[in-house]
Amino acid sequence: MPRIRSLGRRAGPLGVALTAWDLWRRLPPKQRKQLVNLARKHGPTVAARVMKARANYRNRRPNR
């Protein structure tokens, strides 16, 4: 599998938001509805895991 070359910097929040908006616009309405339903079902679980992982990271990292 070929590697995707990085253009130097990581995408910031604005870049991620613009990319997500572009992908959303390209989806047919039926797939948009599927995506919204999946986000409603799994979103709270994913958000809770992200918050837990963030707390664990903060507890593990050395103090500055």
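The values are calculated or read from the model by the stated rules, or taken from the named source; none is laboratory data. Being a predicted model, the structure only gives us computed values, none of them experimental. Neighbour counts are summed over all protein chains in view; Cβ atoms, including those assigned to glycine, are modelled from backbone coordinates with ideal geometry.
Here is a yes/no grid of residues against (1) β-branched (Val, Ile, Thr); (2) in contact with a helix residue (DSSP H, G or I) (Cβ under 6 Å, 6 or more places away or on another chain); (3) part of a helix (DSSP H, G or I):
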| site | (1), (2), (3) |
| --- | --- |
| Arg32 | no, no, yes |
| Val46 | yes, no, yes |
| Arg58 | no, no, yes |
| Pro62 | no, no, no |
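Residue-by-condition table, conditions (1) modelled with pLDDT of 95 or more; (2) over 13 Å from the mean Cα position of the chain (by Cα); (3) of a type in the set (S, T, N, Q):
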position: Arg3; (1), (2), (3): no, yes, no
position: Arg9; (1), (2), (3): no, yes, no
position: Gly12; (1), (2), (3): no, no, no
position: Ala20; (1), (2), (3): no, no, no
position: Arg32; (1), (2), (3): yes, yes, no
position: Asn37; (1), (2), (3): yes, yes, yes
position: Asn59; (1), (2), (3): no, yes, yes
position: Pro62; (1), (2), (3): no, yes, no
